[in-house]
Number of protein chains: 2
Amino acid sequence: MKKNLLVAQSGGPTAAINATLAGVIGQAMKEEQIDQVYGACYGIQGVLEQKFVNLTEKVDTEEKLEKLKRTPAAALGSCRFKLNDIKEDDSQYQEIVDILHKMNIGYFVYIGGNDSMDTVAKLSAYCKEKGIEDIKVIGGPKTIDNDLCGIDHCPGFGSAAKYISTVFCELEQEITVYEPKNVIIVEMMGRHAGWLTAAAALAEGKNGNVPYLVYLEETPFSLDRFIDDVKEKLESTNAVLVAVSEGVHDKEGRFLCEQEGSRELDVFGHTKLSGTGKILEEAVRAKIGCKVRSIELNLLQRCAGHILSKTDIEESGNLGANAVKLAVAGESGLMSSLTRVSDAPYTIEYSGVDIREVANKEKKIPVEWINEAGNGVKEELTTYLTPLVQGEVSSIYEDGMPSYIVLK
Amino acid sequence: MKKNLLVAQSGGPTAAINATLAGVIGQAMKEEQIDQVYGACYGIQGVLEQKFVNLTEKVDTEEKLEKLKRTPAAALGSCRFKLNDIKEDDSQYQEIVDILHKMNIGYFVYIGGNDSMDTVAKLSAYCKEKGIEDIKVIGGPKTIDNDLCGIDHCPGFGSAAKYISTVFCELEQEITVYEPKNVIIVEMMGRHAGWLTAAAALAEGKNGNVPYLVYLEETPFSLDRFIDDVKEKLESTNAVLVAVSEGVHDKEGRFLCEQEGSRELDVFGHTKLSGTGKILEEAVRAKIGCKVRSIELNLLQRCAGHILSKTDIEESGNLGANAVKLAVAGESGLMSSLTRVSDAPYTIEYSGVDIREVANKEKKIPVEWINEAGNGVKEELTTYLTPLVQGEVSSIYEDGMPSYIVLK
């Protein structure tokens, strides 16, 4: 008997999470075992609240599927909702199972990051424990942070990395327009891993010779050493570009912005950071006195549908399709994944990894890929990053404006 | 006898100023009366310091010309340098004339905004007064601010407007991802005119139904009324997008950021603004208490070579070519300009306007194009803006990164 497939999105938006959704829908429509494709709006919370849309009807042409692929953010909506601790109270899990049974869902693909993979791990473990074999739960990876374990790199990251490195190419043109000494500091997202910030290094030397300083979470940050670094660069040049992660911290692990600014917690208990770039800007102004400006890329870096990595969009779609294939093959409790076979030529293979190897873990940049001074990256890191930003696609434009598909 | 042409760039960079430069070079190479094309690096200051490059040699293929067209910022470099008051001391003007004579320059095209057109006005007036007839001085318009008089719209503005409206389309996808009430405030550049901020309105209603609030310099701004506006919108929706000009001010003309923050002056004596979006963010947090985030588009809005308006890039090039044609036809003291013949079909004509009608003046948005409440735009404004963002081009990418031409 045919079963339906349910797909939902969770965690922070990316410019490629809808490409994965499109991959899921496209593949599900090809599978003989699958009848209707449903989407839950606003993640697992939307499943509990039974906010469903029929995607077989809503995305019924190749044109719509292509448009969805190039629509940024999360077309089904997302949530930051943590299921109850399964050991303390498993009623939510049974509630989800009941809803899925009621809707004849045999396959559930949940697209998200670390926290979302925790949901997949718990739900699939619950099904296994209770002997519920007619629901297959598969994770679809997604995060601009690139910090998921069990996968070579994360869908969404390549497009964010391309946006960031493109912005650095552009700012390098900007900063050399005037002659007086000038420092531009750009702050990137990334709570505990510096991958996004490292992407800035891809731009260095491509269109000029402005020196870059790149500060990542993986090595301790010192404000004094930062000022010395900038001073040293300004001795031989008029322009310096600084890339800094919002989460840089000292040896004791105290975030720069915690030391100088305010501290807030999000619902997951993570420290909410902001203002790192601003603190560095003020330090340069006070201690060096040259022209300086800080830019926070903010939300722009995760929703820039107008400059997407073709490689990322293709892989994101394939990972969605692969998730469906895994589910239909009877797998559950896996995350759709990819392995890099070689850098040159860039070759990858799709696979599935045990979700327990992914949930609640973080993949940081290997410290041996960062230079000794802790202010730049080594060739190993750019070799890793370069294939991920290859090729360009963008949202589809109509009458001068991006045209998206709206599903909610 | 053939003469050489000199071209230079001045004022703030834009994503299209090099398209105008490319237009100048391309046309100059076609003109029989012109021998070599020289560029002065770093504007009029570079002329005085004799920092010249030979553009006939540097940009010697169609491919390089095309790459230059799509290179953001100002490939020749720029300056913020005000010539001495001609009535007090005209020695700088004679110095420039001597340098131009020495280099056999018969045509000088100076690309810039209001302040730069002041340079063109003074230099051409000096030549006229002194009977120097063998140097023709023509202005090439440029500014993302769109505030030049004597021209329907400014080259560089269309691309910045396209970038801004595209970003708003993307942020609209972002802001609807989560269910809780959410406000995003985006601060645009524009010292005394709200054109850039108005461009945000082009995105409203294109991909959803998030309400926009748009605050322009042209109407007085009240923080209390802003909070009331946001509260009112949040009564019927969960998401509000706010577009605000850095230069919004109260009835007495006091900038919002002057009232609440610090005040600095640039070399032209203009108040240097920042922090308007941040002030609004803090106000929403304090007085409404919902989720809120402010984003400052900062330099990104003037150097986004990865999303250019095709219309803008073509017109910018044509305005450069038109400047050369005017000079060769014996004109001096004009700015290359364009007039809109009709909105639909969008038709324009190229012309030349007396530089004195342009220099040191500012064109604001007509207040009758702004709604009564002062928080949105009327159809007249979107009708004016729509043709300017039509079509997409981007920088040329090589190996995943933008590839520019470096002239300095």
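Within the stretch A:338-368, the set of residues being hydroxyl-bearing (Ser, Thr, Tyr) and either more than 21 Å from A:Ala201 (Cα to Cα) or in contact with a strand residue (DSSP E or B) (Cβ under 7 Å, 6 or more places away or on another chain) (or both) comprises A:Thr339, A:Ser342, A:Thr347, A:Tyr350, A:Ser351. Only residues that are touching a residue at least 12 places away in the same chain (Cβ under 8 Å) and part of a helix (DSSP H, G or I) were counted in the stretch B:170-187, giving 4.
Taken over the stretch B:377-395, the residue count meeting the criterion of being outside any helix (DSSP H, G or I) and more than 10 Å from chain A (Cβ to nearest Cβ) is 3. Scanning the stretch A:166-200 for residues that are more than 9 Å from chain B (Cβ to nearest Cβ) and β-branched (Val, Ile, Thr) turns up A:Val183, A:Ile185, A:Val186, A:Thr197. Here B:Ala304 meets each of (1) buried (at least 24 other Cβ atoms within 10 Å of the Cβ); (2) over 29 Å from B:Leu280 (Cβ atoms); (3) among the aliphatic types (A, V, I, L, M) with one exception, condition (2). Of the residues making up the stretch B:83-99, those that are modelled with pLDDT under 95 and surrounded by 15 or more Cβ atoms within 10 Å (Cβ to Cβ) are B:Leu83, B:Ile86, B:Asp90. Here B:Lys310 does not qualify as within 14 Å of chain A (Cβ to nearest Cβ), surrounded by fewer than 24 Cβ atoms within 10 Å (Cβ to Cβ), in contact with a Gly (Cβ under 8 Å, 6 or more places away or on another chain) and modelled with pLDDT under 95. Within the stretch B:201-223, residues that are under 29 Å from A:Thr71 (Cβ atoms) sit with their Cβ atoms under 6 Å from residues that are at pLDDT below 95 and surrounded by fewer than 22 Cβ atoms within 10 Å (Cβ to Cβ), at 6+ positions apart or across chains, in these pairs: B:Gly208/A:Val406. Each residue in the stretch A:281-307 was checked for being more than 9 Å from chain B (Cβ to nearest Cβ) and either in a helix (DSSP H, G or I) or of a type outside the set (Val, Ile, Thr) (or both), and 11 pass.
Here A:Val406 meets each of (1) within 14 Å of chain B (Cβ to nearest Cβ); (2) closer than 30 Å to A:Ala8 by Cβ; (3) under 18 Å from the mean Cα position of the chain (by Cα) with one exception, condition (3). Looking at the stretch A:128-169, which of its residues are without any contact (Cβ under 8 Å) to a residue 60 or more places away in the chain, surrounded by fewer than 24 Cβ atoms within 10 Å (Cβ to Cβ) and assigned to a helix (DSSP H, G or I)? Result: A:Glu129, single match. Only residues that are assigned to a strand (DSSP E or B) and away from chain B (no Cβ under 14 Å) were counted across the stretch A:54-88, and they come to 1. Only a single item in (1) away from every other protein chain (no Cβ under 14 Å); (2) within 19 Å of the chain's Cα centre (by Cα); (3) over 30 Å from A:Asp229 (Cα atoms) is not met by A:Ser332, and it is number (2). Among the residues here, A:Asp229 does not qualify as surrounded by fewer than 19 Cβ atoms within 10 Å (Cβ to Cβ) and not in a loop (DSSP other than H, G, I, E, B). A:Glu174 passes every criterion in (1) in contact with a His (Cβ under 7 Å, 6 or more places away or on another chain); (2) farther than 23 Å from A:Glu368 by Cα; (3) among the charged types (D, E, K, R) apart from (1).
Set side by side, the residues A:Gly320, A:Gly374 differ, and just one is open to solvent by less than 70 Å² (accessible area, probe 1.4 Å) and more than 22 Å from A:Ala15 (Cα to Cα), which is A:Gly374.
Kindly establish whether A:Ile132 is modelled with pLDDT of 95 or more and under 30 Å from B:Leu407 (Cα atoms). When the stated conditions are applied, A:Ile132 does not pass them. When B:Lys251 is tested against (1) open to solvent by 70 Å² or more (accessible area, probe 1.4 Å); (2) modelled with pLDDT of 90 or more; (3) not in a loop (DSSP other than H, G, I, E, B), only condition (3) is not met.
Taking the criterion of being open to solvent by less than 10 Å² (accessible area, probe 1.4 Å) and more than 14 Å from every other protein chain (Cβ to nearest Cβ), the residues of the stretch B:201-214 that qualify are B:Leu213, B:Val214. So which residues in the stretch B:100-123 are more than 23 Å from the chain's Cα centre (by Cα) and open to solvent by 10 Å² or more (accessible area, probe 1.4 Å)? Within the stretch B:100-123, B:His101, B:Lys102, B:Met103, B:Asn104, B:Tyr107 meet the criteria. Within the stretch B:396-408, the set of residues being surrounded by 16 or more Cβ atoms within 10 Å (Cβ to Cβ), free of Cβ contacts under 8 Å to residues at least 40 places away in the same chain and not in a strand (DSSP E or B) comprises B:Gly400 only.
The values are calculated or read from the model by the stated rules, or taken from the named source; none is laboratory data. Owing to the predicted nature of the structure, the values given are computational and were not obtained by experimental measurement. As a convention, Cβ positions derive from the backbone with ideal geometry for all residues, glycine included, and neighbour counts pool all protein chains shown. Ligands, DNA and RNA are stripped out before the accessible areas are found, and what is left, the full protein with its side chains, is counted by its heavy atoms. Shrake-Rupley method; radii C 1.70, N 1.55, O 1.52, S 1.80 Å.
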